[in-house]
Amino acid sequence: MFLKSFNKIQYNFQLMKTYGMFDFLYVYGSLENRVIKIGVTKNNLFQRYSQANETYAHRYVMNDFSEIKIIESQNALKLESYLKRKFKQYRHPLFESSEWFLLPESELRYFTNNEYQKDNDFMRIHNYNLDV
């Protein structure tokens, strides 16, 4: 009886591996300069923002750094990985990091206009729930 039900359960082991490790995916940056930083944190958004702002200020003199998007998800780490692959070709040349990007205006709308909600792969990861 239980075996039949158990065999119907579909697990995504890639998502299970990092489920719950981080609670927030953040996108900080400058819309004016089209510079963004994508990262994750368990609960320390203020510290992450301060660090990113300081890093940004070393390269840009403008005081236009801000929070662009915060997404709460038990799958924040997988979302971060997905976005880093998605925007890989836009890595910022001034930052020696895989978290900083120089996005064209059309790609900024992914965050500013919530276009990520129309991205089936992003939403599949975001909505994955380990509770059974």
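Of all the residues in segment 32-74, those that are touching a helix residue (DSSP H, G or I) at 6+ places or on another chain (Cβ under 8 Å), buried (at least 16 other Cβ atoms within 10 Å of the Cβ) and among the hydrophobic types (A, V, I, L, M, F, W, C) number 7. Every test in (1) over 20 Å from residue 33 (Cβ atoms); (2) free of Cβ contacts under 8 Å to residues at least 12 places away in the same chain; (3) loosely packed, with under 13 Cβ neighbours inside 10 Å is passed by residue 89 save one, and that test is (1). If you go through segment 94-101 one residue at a time, do you hit one that is in a helix (DSSP H, G or I), of a type in the set (D, E, K, R) and either more than 13 Å from the chain's Cα centre (by Cα) or at pLDDT below 95 (or both)? For segment 94-101, residues in a helix (DSSP H, G or I), of a type in the set (D, E, K, R) and either more than 13 Å from the chain's Cα centre (by Cα) or at pLDDT below 95 (or both): absent.
The values are calculated or read from the model by the stated rules, or taken from the named source; none is laboratory data. If you're wondering where the values come from, they're calculated on a predicted model, not measured in any experiment. Positions of Cβ are backbone-derived with ideal geometry, glycine not excepted, and every protein chain shown enters the neighbour counts.
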